[in-house]
1. For the stretch 133-145, indicate whether the set of residues that are touching a residue at least 12 places away in the same chain (Cβ under 8 Å) and over 17 Å from the mean Cα position of the chain (by Cα) is non-empty.
2. Output yes when any residue across the stretch 216-234 is open to solvent by 20 Å² or more (accessible area, probe 1.4 Å), modelled with pLDDT under 95 and out of contact with any Cys (no Cβ under 8 Å at 6 or more places or on another chain), and no when none is.
3. In the stretch 112-122, which residues are buried (at least 17 other Cβ atoms within 10 Å of the Cβ) and either among the acidic types (Asp, Glu) or without any contact (Cβ under 8 Å) to a residue 60 or more places away in the chain (or both)?
4. Answer with yes or no whether residue 134 is touching a strand residue (DSSP E or B) at 6+ places or on another chain (Cβ under 8 Å), crowded, with 16+ Cβ neighbours inside 10 Å and closer than 13 Å to residue 69 by Cβ.
5. Restricting to helices (runs of 4 or more DSSP H) lying wholly in the stretch 271-342: which have 1 or more residues that are at pLDDT below 85?
6. When the stretch 308-340 is examined, which residues are found to be touching a Ser or Thr at 6+ places or on another chain (Cβ under 6 Å) and open to solvent by less than 30 Å² (accessible area, probe 1.4 Å)?
7. Can you tell me which residue is farthest from residue 343 (Cα to Cα) among those in the stretch 249-294 that are crowded, with 17+ Cβ neighbours inside 10 Å and more than 26 Å from the chain's Cα centre (by Cα)?
Amino acid sequence: MNIKNYKKQIIACAIAACVGIGGGYYLFGTPAGHQQTVVSENTKQTKPLTESRNTYVVQAAKKSGPAVVGITTQVFQKDIFNRTIYAGEGVGSGVLIDNEGHIVTNNHVVAGAKNGEVTVSLSDGSTVTGTVIGTDSQTDLAVVKITAPKNIQPITIGDSDSLQVGEPAIAIGNPLGLEFKGSVTSGVISALARTIDDQGQRFPLIQTDAAINPGNSGGALLNADGELIGINSSKISKEGVEGMGFAIPINSAKSIIDSIIKNGKVIRPYLGVWAVDRQTAARNNVSYEGDGLLIVQLDQTGPMAKAGIVEGDTIAQIDGKDVTTLMELKEQIDAKSPGDTILISYTHNGIMKSTQVKLGQSSSK
């Protein structure tokens, strides 16, 4: 196996696969000769719901629907003369998580917001200006801050670690723009711990068949109790593929959100290593049958290189726990803090060795 050639290949793969999953919904005006769709809403209740109609979906939507907001970002582009011109608006969703006015959304929803400002549409129909206080492209998360309204109704945070495959899932957001704001769809938890991007994905995702469309990005995925269990982030949009939506588990997102609120960015531990597991190698037609992670590149000023580990070595364990996939590596490292020391067991020229590595620090931009 040629490590140098494969290094180039995996770097290109990593760049192409950098997390930024999902897609916003962009409004660039109405084509000539076409009428813009106007959607009206009538929620007047003439009599109390019967027990059979007052389902868990109805109750969850009433409980948490007011916490789901619309986020509009002005989009600017360069013209042929390299002038910055207004091109339209990007529309996504967000979730109000506390009484201080913090809103969680996707990074790609607010990416490129002019002067870090967005327009937030609240459930009562009012709009306010929001400030993007921090983003993290690696996890596709961001936090927007608004002045908390008097009648603020933040969402109740649930426990995504307790989810079971097959239990109900409810998605609330703004598919296809604010004309369809507060749309509610329901389904089930289809799978847990899904990996759709080995190189860029920071942690496993929740898969659901509740409809998630462009504009839903950044919205809420709820359990049957109306608790927030995930931030909707993407949908596989291919011909013939239906019912495959993904959400960022709220338990995994908490530390990211807290760091953004506290520091304006995400501060995480850093190893300074690029590696591949057996599955990634197979997808790139590289012969590698090892059980650990093959190191294909090192930051020569990073912690791993300083510890004496070189390209071609294989990571076998961290703190005595086997590491066989890139996701396992990321989860173990993300559970640590910058400055922590870990024990790495690795093979060098077929010989198993161990060394202490002091974690460095990296941060989101």
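The values are calculated or read from the model by the stated rules, or taken from the named source; none is laboratory data. Everything numeric in this text was worked out from a predicted model, so none of it was measured. Backbone-built Cβ (ideal geometry, glycine too); neighbour counts: all protein chains shown. The protein model used for the area step is the full one, side chains on, heavy atoms only, and it has no ligands, DNA or RNA in it. Shrake-Rupley method; radii C 1.70, N 1.55, O 1.52, S 1.80 Å.
1. Yes, because at least one residue in the stretch 133-145 is touching a residue at least 12 places away in the same chain (Cβ under 8 Å) and over 17 Å from the mean Cα position of the chain (by Cα).
2. Residues of the stretch 216-234 that are open to solvent by 20 Å² or more (accessible area, probe 1.4 Å), as a first pass: 224-225, 227.
Restricting the remaining residues to those that are modelled with pLDDT under 95 gives none.
Checked the stretch 216-234: no residue is open to solvent by 20 Å² or more (accessible area, probe 1.4 Å), modelled with pLDDT under 95 and out of contact with any Cys (no Cβ under 8 Å at 6 or more places or on another chain).
3. Hits for the stretch 112-122 are 113, 118, 119, 120, 122.
4. Working: touching a strand residue (DSSP E or B) at 6+ places or on another chain (Cβ under 8 Å): yes; crowded, with 16+ Cβ neighbours inside 10 Å: yes; closer than 13 Å to residue 69 by Cβ: no.
It is false that residue 134 is touching a strand residue (DSSP E or B) at 6+ places or on another chain (Cβ under 8 Å), crowded, with 16+ Cβ neighbours inside 10 Å and closer than 13 Å to residue 69 by Cβ.
5. 278-283, 326-334
6. 314, 316, 327
7. 286
Yes or no, residue by residue, for (1) of a type in the set (Asp, Glu); (2) out of contact with any Lys or Arg (no Cβ under 7 Å at 6 or more places or on another chain); (3) within 16 Å of residue 245 (Cα to Cα); (4) at pLDDT below 90:
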| residue | (1), (2), (3), (4) |
| --- | --- |
| 133 | no, no, no, no |
| 141 | no, yes, no, no |
| 147 | no, yes, no, no |
| 174 | no, no, yes, yes |
